[in-house]
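The values are calculated or read from the model by the stated rules, or taken from the named source; none is laboratory data. What you see is a predicted model; the values in this text were computed from it and never measured. Ideal geometry is used to build each Cβ from the backbone, glycine not excepted, and the neighbour counts take in all protein chains shown.
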Amino acid sequence: MDLGTVAVTGAAGGIGSAVRPALRREAARLILLDRVPLRPEAANEEAHTVDLRDAGAVAAALSGADRVLHLGGVPDEAPLPDLLDANVLGTHHVLEAARRTGAARVVLAGSNRVTGFHPAGHRTAPDDPVRPDGLYGVSKVAVEALGRLYADKFGLPVVCLRIGSFEPRPTEPRHLATWLSPRDCVGFVRAALAAPASTRFAAVYAVSANTRRFWELPDPAVLDYTPVDDAEDHARGIPGADAPADPAAPQAGPYARPEFTLRHIGY
Ligand SMILES: NC(=O)c1ccc[n+]([C@@H]2O[C@H](COP(=O)([O-])OP(=O)(O)OC[C@H]3O[C@@H](n4cnc5c(N)ncnc54)[C@H](O)[C@@H]3O)[C@@H](O)[C@H]2O)c1
């Protein structure tokens, strides 16, 4: 599919770097945004050094984009003001720029951490209530809510990918449930960017086909990608992989501990 002009925020990051080669093959034009400088690597690439907190700069860079992949932001627990600035306000700026330029699809980087307090034994679906495991998870709940608002109120087509643990390979027991392989990440992102207009809004888990996964895979009618990798194939190399899992423990594992958040609360 020709994806037209695709804009990617947070393009210098781990996921941005992983999806960039595939996107530049399928996009007529690839607009890369990050607050750190990027260099175009192909004739159809252009790079903009933009802080997502600057609404005007975001709007200028996204002008003419047919599709927007919004990856930029703070990717883990941090003080709430930082998360509100980069993740919540930043997403608002991206959605507003996409609305104004008439984009046909926005794909948001959500997170599995919006439901991290559901127990490991509960196979979680996107319509289960949110149970964020920290301030970062709260910011991603707001990201998702902004996406839904823009879809409901303005008709902007939005897919929010609740990304699992994006890693070259699983290295710890939790990854046996949460791993998102680079190959499956590219697959989910491409499918989300190409989702039909009838998918006005969807929040879906982007996770590999892990035998031990906590989350429902997307309905192919909503997002046409079936993941191919399974963390189980790497289990033998992971210390503790055979220890019995507690089905009552939070899916978030160590991220659910109070200390994980308290060290970012400085009052
Ligand atoms: N990596 C994972 O396992 C994972 C899991 C769930 C969700 N996510 C989400 O996916 C997205 C990408 O994750 P990643 O692992 O590539 O993170 P990353 O930190 O490698 O990349 C994020 C990028 O965003 C840029 N950025 C941050 N704040 C910015 C700002 N104010 N203005 C402009 N650019 C800014 C950074 O410079 C960086 O290049 C993030 O939104 C993250 O929350 C990632």
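Annotation: Glu259 fulfils all but one of (1) among the acidic types (Asp, Glu); (2) more than 30 Å from Leu95 (Cα to Cα); (3) part of a loop (DSSP other than H, G, I, E, B); the unmet one is (3). Taking the criterion of being under 16 Å from the mean Cα position of the chain (by Cα) and crowded, with 19+ Cβ neighbours inside 10 Å, the residues of region 91-103 that qualify are Thr91, Val94, Leu95. Would you confirm, using the coordinates I've provided, whether Ala235 is over 21 Å from the mean Cα position of the chain (by Cα), under 15 Å from Glu167 (Cβ atoms) and either in contact (Cβ under 8 Å) with a residue 40 or more places away in the chain or crowded, with 17+ Cβ neighbours inside 10 Å (or both)? Considered against the rule, which asks whether it is over 21 Å from the mean Cα position of the chain (by Cα), under 15 Å from Glu167 (Cβ atoms) and either in contact (Cβ under 8 Å) with a residue 40 or more places away in the chain or crowded, with 17+ Cβ neighbours inside 10 Å (or both), Ala235 comes out as yes. Of the residues making up region 177-198, those that are at pLDDT below 95 and not hydrophobic (A, V, I, L, M, F, W, C) are Pro196, Ser198.
Taking the residues in region 31-83 that are in contact with a Phe, Trp or Tyr (Cβ under 9 Å, 6 or more places away or on another chain) and of a type outside the set (Gly, Ala, Ser) as candidates, determine which candidate is nearest to the ligand (Cβ to nearest atom).
So, considering only residues that are in contact with a Phe, Trp or Tyr (Cβ under 9 Å, 6 or more places away or on another chain) and of a type outside the set (Gly, Ala, Ser), the one nearest to the ligand (Cβ to nearest atom) is Pro75.
Which one of these does Val19 not meet: (1) near the ligand (Cβ under 10 Å from one of its atoms); (2) without any contact (Cβ under 8 Å) to a residue 60 or more places away in the chain? Here Val19 clears every test but (2).
Just so you know, in region 140-193 the residues that are among the hydrophobic types (A, V, I, L, M, F, W, C) and within 10 Å of the ligand (Cβ to nearest atom) include one that is surrounded by the fewest Cβ atoms within 10 Å (Cβ to Cβ), and it is Phe166. Out of region 150-162, which residues are part of a helix (DSSP H, G or I) and either in contact (Cβ under 8 Å) with a residue 24 or more places away in the chain or in contact with a Phe, Trp or Tyr (Cβ under 7 Å, 6 or more places away or on another chain) (or both)? Within region 150-162, Tyr150, Ala151, Asp152, Phe154 qualify.
Is there a residue being of a type in the set (Ser, Thr, Tyr), more than 12 Å from the ligand (Cβ to nearest atom) and closer than 30 Å to Ala27 by Cα anywhere in region 90-99? There is no residue in region 90-99 that is of a type in the set (Ser, Thr, Tyr), more than 12 Å from the ligand (Cβ to nearest atom) and closer than 30 Å to Ala27 by Cα.
So that you can scan it fast, the table gives a plain yes or no per residue for (1) in contact with a helix residue (DSSP H, G or I) (Cβ under 7 Å, 6 or more places away or on another chain); (2) modelled with pLDDT under 95; (3) hydroxyl-bearing (Ser, Thr, Tyr):
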residue	(1), (2), (3)
Arg35	no, no, no
Thr49	no, no, yes
Arg53	yes, no, no
Val74	yes, no, no
Val94	yes, no, no
Ala97	yes, no, no
Arg100	yes, no, no
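Among the candidates Gly14, Gly10, which residue alone is within 9 Å of the ligand (Cβ to nearest atom) and in contact with a Phe, Trp or Tyr (Cβ under 7 Å, 6 or more places away or on another chain)? Of Gly14, Gly10, the one residue that is within 9 Å of the ligand (Cβ to nearest atom) and in contact with a Phe, Trp or Tyr (Cβ under 7 Å, 6 or more places away or on another chain) is Gly14. Of all residues in region 182-198, those satisfying the criterion of being within 21 Å of Val114 (Cβ to Cβ) and out of contact with any Pro (no Cβ under 6 Å at 6 or more places or on another chain) are Cys185, Phe188, Val189, Ala191, Ala192, Ala195.
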